[in-house]
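The values are calculated or read from the model by the stated rules, or taken from the named source; none is laboratory data. Every value quoted in this text rests on a predicted model; they were computed, and no experiment measured them. Glycine gets a Cβ as well: all are built from the backbone with ideal geometry, and neighbour counts include every protein chain shown.
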Amino acid sequence: MSSQDISVPVKCLDCRCELETPIVCTGCHKLYPLSMDMDYFSLFQIPRRYRIDVGELRHKFLSISRNVHPDFFGAASDDMKDLSVHLSAELNEALRVLIDPVMRAGYLLELSGGTSASQDRSVPQDVLMDAMELREQLEESSPDPVVLASIKEAVDRRRNALLAAIGDAAEKLDDGAEATQVQLRQLINSVKYFDNLLADLPAG
Amino acid sequence: MTKDASIPIIIGIDLGTTNSLVAHADEKGPRLLVDADVDDAGVMPSVVSFDLNTGQVTVGAKARDHAVEYPLTTVYSVKRLMGKGFSDVEDEASKLAYAVERRESDVEGQDLAVINVGSKQYAPPHISALVLGELKRRAEKHFGQEVTKAVITVPAYFDDAQRQATRDAGQIAGLEVVRIVNEPTAAALAYGLDRKEAATIAIYDLGGGTFDVSILKLQDGVFEVVATHGDTHLGGDDFDMCIMDLAVREVSKQFGVEIRAPATRQALRLFAEAVKVGLSNEPQKLLQIDLGQGRQYERVIEQAEFEQMIKPQVERTLESCGQALRAARLKPEDIDSVIMVGGSTRVPYVRQRVGELFGSRPYTALNPEQVVAMGAAVQASVLAGVRRDTLLLDVTPLSLGIETLGGAMGKLIRANTKVPCQVTEMFTTFQDGQTAVKINVLQGERELAQDCRSLGTFELIGVPPMPAGLPKIDVTFLIDQNGILNVQALEQRSGAKAGIQVVPAHGLTRDEVKKMEQDSIIFAREDMIAHRLIDLRNQVLFDTAKAVQVIDKHGDQLAADELHRLEEALKALRELANSSQDADLIYRQLEKFNRMTIPLANAAMSSTLRQGES
């Protein structure tokens with residue numbers, strides 16, 4: 001299940017350069033179609049785990065974009081143009097998922113065989129009660145800036161705690177315990193409640 | 001002029017609401033293409049004027065000069081109508097001096113906004129194509145060869161229909177639009193070209209009719225848009241409108257005269273614009289309108305008063321800035337530099353308020369009118385293969401979704417997602433044997449489909465007849481690097497590509513664009529006389545009908561024999577127009593008749609001033 005298992009060319013078929021990413025040769029800009037079994041981590045050639053170097057991810061994203069973006073295929077054949085558009089779209093999606101801690105955890109969960117958000121929407125009872133209580137406070141005390149600030153602080157605190165728990169659970173996914181998968185799914189589902197609260201707090 | 005024949009010439013075009021520019025970049029950098037024979041320093045007014053008598057079309061500064069004399073046949077600010085339905089622009093259209101009409105679309109319940117000029121109707125892309133054609137001609141004159149490819153900029157907040165309409169305009173003008181670039185992104189490209197240090201910048205772009213704000217990260221030649229927001233119906237035109245409204249109100253109060261005539265409104269529009277521009281450098285400015293009969297409306301407008309007038313509009317731009325910052329998850333102090341783009345950022349109050357929001361002095365060293373065209377030219381040079389060291393990574397400004405059961409907007413792609421981006425959604429049938437599925441594609445941030453903008457209906461056809469729910473059709477929505485939507489469908493069972501028929505809600509169909517492209521070529525070669533005759537006959541009808549109206553109302557003020565002569569001439573002219581094939585003769589007689597109506601017009605004017613129009 002690690003990125004080494006996936007068969008991708010190691011050297012460019014045209015110019016024999018070492019491939020930094022399986023979708024393009026940075027030497028001669030030859031594009032390679034995405035294989036179905038390739039995950040986002042192997043696209044960037046970074047280790048498949050929760051704790052990643054975000055700086056490295058961004059750096060790799062920009063470096064690959066420089067080689068696959070359709071703006072550089074203006075003179076290429078229509079097939080190549082299409083391929084560059086689709087690879088760029090895939091690359092953008094891969095960055096979007098991996099750069100966000102919650103989406104990254106959800107992605108790892110599904111890769112490990114866990115449930116998706118549409119399959120399991122459950123949330124621990126205590127989190128639900130907690131979020132509902134905060135929402136009530138928010139609705140009752142809207143105009144008071146001091147109360148609003150304290151609500152925001154409470155939401156932030158809970159959200160950060162959830163993120164920490166998500167990180168710990170996601171790092172344990174490789175052990176293959178089903179309990180970890182179930183717990184992680186619930187933690188991920190919980191974040192949304194606090195995100196919605198933040199979105200409904202007045203800006204400022 | 002190009003040294004390497006293998007490198008195609010691709011021009012960069014800023015197609016603006018008020019002005020349009022064309023630029024080109026080689027390895028030395030971008031420069032504006034200026035036609036030395038035209039006195040506009042390369043900043044060409046986006047105005048098209050039609051002479052119904054000669055059939056001649058004028059574009060640019062000369063056309064703008066016609067605006068007061070020929071308000072009905074001089075088309076300006078057409079960008080505000082691009083990709084819009086009539087119902088979208090009805091309010092606005094009533095303020096334009098030329099005639100905008102509803103045309104029924106092939107789609108039920110949809111309509112198009114078209115412009116009536118004499119006997120002809122023009123879709124907005126058609127007018128824009130005439131502007132683009134003039135810029136193309138300038139470029140061709142500069143290079144001494146045909147130019148067929150262009151990068152055209154659009155407001156970042158333009159939706160799919162507005163982008164499509166812009167691309168259609170290019171095609172009608174005989175230009176392959178190799179890329180649509182967002183205006184603030186183009187400006188950032190021109191700004192950051194020679195800067196090496198990493199920075200987070202905001203581009204505040206207030207043009208004649210549109211506003212955008214984009215937040216970008218610049219690093220090693222990569223121009224990465226993080227978030228964008230805007231308003232495609234907010235610009236310097238609205239500042240002019242504030243001054244116009246003031247004058248109209250006060251003239252009505254002081255003199256009991258309503259300023260309604262298209263020509264007067266046009267003149268007032270130009271005065272108002274001059275006052276606005278003057279107030280950028282002077283503390284006060286005098287607005288003078290000659291109402292005839294020795295009556296003068298004179299009004300000193302102070303800068304502070306003007307600032308109060310435009311405050312609501314400026315506040316709206318600041319709210320947009322706040323939205324963009326929130327979407328980027330940044331605070332004002334995270335922005336290293338705010339770049340001012342667009343002629344309307346010359347207004348000191350705008351600069352002041354933007355400076356206050358971001359807590360720093362906005363960067364105003366770039367020529368705000370030229371920078372977008374320069375950036376477009378730089379991007380054109382990337383696409384031409386001249387340079388490879390810069391990369392634009394842009395976002396889609398609006399969420400894309402589909403109408404779900406119950407009329408809700410089901411979001412598939414969120415605003416500020418990097419483009420290109422794609423999402424695949426599965427569709428099925430609701431009835432046994434159903435062979436077609438309709439999908440209403442939406443753009444916007446609201447929850448209900450009816451509050452979002454419908455891009456059109458995509459109909460999947462040729463679905464194999466099966467029990468309800470059994471067919472599985474994967475539909476891929478792809479927003480490309482131009483911000484334009486492409487849809488593909490695949491039926492899973494048969495593996496067959498499902499056919500898609502796209503019915504654009506507000507735009508032109510592919511066939512219509514093709515026909516216009518061909519027509520514009522045929523039009524150039526075709527015998528002009530037939531057209532001229534039709535237009536002249538319509539002009540005769542129009543002018544005589546108008547004269548009859550004025551005679552009915554004010555004819556009693558003319559001497560009896562004068563009135564009689566005028567009525568005879570009117571009758572003779574109508575008969576001539578109906579019977580004669582001699583366009584020159586009709587033209588001469590029409591001119592003569594119009595000269596004869598001058599005393600009548602004067603009589604009408606003075607009595608209007610005496611009584612005020614009802």
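Here are a few things to note about the model shown:
- Scanning segment B:3-27 for residues that are assigned to a loop (DSSP other than H, G, I, E, B) and either modelled with pLDDT of 90 or more or surrounded by 15 or more Cβ atoms within 10 Å (Cβ to Cβ) (or both) yields a total of 6.
- Selection within segment A:34-80: residues that are away from chain B (no Cβ under 14 Å) and among the small types (Gly, Ala, Ser). The member of this set that is farthest from the chain's Cα centre (by Cα) is A:SER77.
- Selection of segment B:324-362 for residues being more than 21 Å from B:LYS311 (Cβ to Cβ) and among the polar types (S, T, N, Q) yields B:SER337, B:SER360.
- Enumeration of residues in segment A:122-139 that are more than 28 Å from the chain's Cα centre (by Cα) and either over 16 Å from A:ARG159 (Cα atoms) or surrounded by 16 or more Cβ atoms within 10 Å (Cβ to Cβ) (or both): A:GLU136, A:GLN137, A:LEU138, A:GLU139
- Among the residues listed as B:LYS217, B:LYS285, the single one being outside the structural domain of B:MET82 (by TED's automatic domain parsing), more than 21 Å from B:PRO332 (Cβ to Cβ), assigned to a strand (DSSP E or B) and basic (Lys, Arg): B:LYS285
- Matching option when the condition is assigned to a helix (DSSP H, G or I), assigned by TED's automatic domain parsing to the domain that holds A:ASN196 and more than 21 Å from A:ARG185 (Cα to Cα), among A:LEU138, A:LEU83: A:LEU138
- Selection over segment A:82-107 of residues that are within 10 Å of chain B (Cβ to nearest Cβ) and basic (Lys, Arg) gives a count of 1.
- Looking across A:VAL123, A:VAL155, A:VAL102, A:VAL146, one residue alone is among the aliphatic types (A, V, I, L, M) and within 22 Å of A:LEU57 (Cα to Cα). It is A:VAL102.
- Which listed residue is modelled with pLDDT of 90 or more, more than 24 Å from B:ILE479 (Cβ to Cβ) and of a type in the set (D, E, K, R), from A:ASP71, A:ASP100, A:ASP130, A:ASP79: A:ASP130
- Out of A:PRO145, A:PRO202, one residue alone is surrounded by fewer than 18 Cβ atoms within 10 Å (Cβ to Cβ), within 14 Å of chain B (Cβ to nearest Cβ) and farther than 20 Å from A:VAL102 by Cα. It is A:PRO202.
- Segments classed as strands (runs of 3 or more DSSP E), wholly inside segment B:408-498, with at least 2 members that are within 14 Å of another protein chain (Cβ to nearest Cβ) and within 21 Å of A:SER88 (Cβ to Cβ): B:408-413, B:421-427, B:473-479, B:485-491
- Members of segment B:63-79 that are among the small types (Gly, Ala, Ser) and either more than 10 Å from B:VAL47 (Cα to Cα) or not in a loop (DSSP other than H, G, I, E, B) (or both): B:ALA63
- Some residue of segment B:179-202 being assigned to a strand (DSSP E or B), within 12 Å of another protein chain (Cβ to nearest Cβ), without any contact (Cβ under 8 Å) to a residue 60 or more places away in the chain and of a type in the set (Lys, Arg): no
- Residue among B:ALA365, B:ALA373, B:ALA377 that is modelled with pLDDT under 95 and either more than 14 Å from chain A (Cβ to nearest Cβ) or under 15 Å from B:TYR191 (Cβ atoms) (or both): B:ALA365
- The single residue among A:SER118, A:SER88, A:SER112 that is surrounded by fewer than 17 Cβ atoms within 10 Å (Cβ to Cβ) and polar (S, T, N, Q) turns out to be A:SER118.
- Residues of segment B:380-402 that are more than 14 Å from chain A (Cβ to nearest Cβ) and either in a strand (DSSP E or B) or surrounded by fewer than 19 Cβ atoms within 10 Å (Cβ to Cβ) (or both): B:GLY401, B:ILE402.
- Sub-6 Å Cβ pairs linking a first residue in segment A:147-166 that is more than 20 Å from A:GLN186 (Cα to Cα) to a second residue that is in a helix (DSSP H, G or I), at least 6 apart or interchain, are A:ILE151/A:GLN137; A:ILE151/A:LEU138, ordered by first then second residue.
- Of all residues making up segment B:156-168, the number that are touching a Leu at 6+ places or on another chain (Cβ under 7 Å) and modelled with pLDDT of 95 or more: 1
- Residue match in segment B:551-564 (condition: exposed (fewer than 13 other Cβ atoms within 10 Å of the Cβ) and either in contact (Cβ under 8 Å) with a residue 60 or more places away in the chain or part of a loop (DSSP other than H, G, I, E, B) (or both)): yes
- Here B:GLY83, B:GLY42 are screened, and the one residue that is under 25 Å from B:VAL371 (Cβ atoms), touching a Gly at 6+ places or on another chain (Cβ under 7 Å) and of a type in the set (Gly, Ala, Ser) is B:GLY83.
- Test result for A:LEU173, under 13 Å from A:VAL123 (Cβ atoms), in contact with a helix residue (DSSP H, G or I) (Cβ under 9 Å, 6 or more places away or on another chain) and either at pLDDT 95 or above or surrounded by 19 or more Cβ atoms within 10 Å (Cβ to Cβ) (or both): no
- Checked against the criterion of being within 20 Å of B:ALA23 (Cα to Cα), without any contact (Cβ under 8 Å) to a residue 12 or more places away in the chain and among the hydrophobic types (A, V, I, L, M, F, W, C), the candidates B:VAL378, B:VAL371, B:VAL382 yield just one match: B:VAL382.
- Residue match in segment B:107-125 (condition: surrounded by fewer than 22 Cβ atoms within 10 Å (Cβ to Cβ), outside any strand (DSSP E or B) and charged (D, E, K, R)): yes
- Yes/no for B:ASP511 being at pLDDT 80 or above, charged (D, E, K, R) and not in a loop (DSSP other than H, G, I, E, B): no
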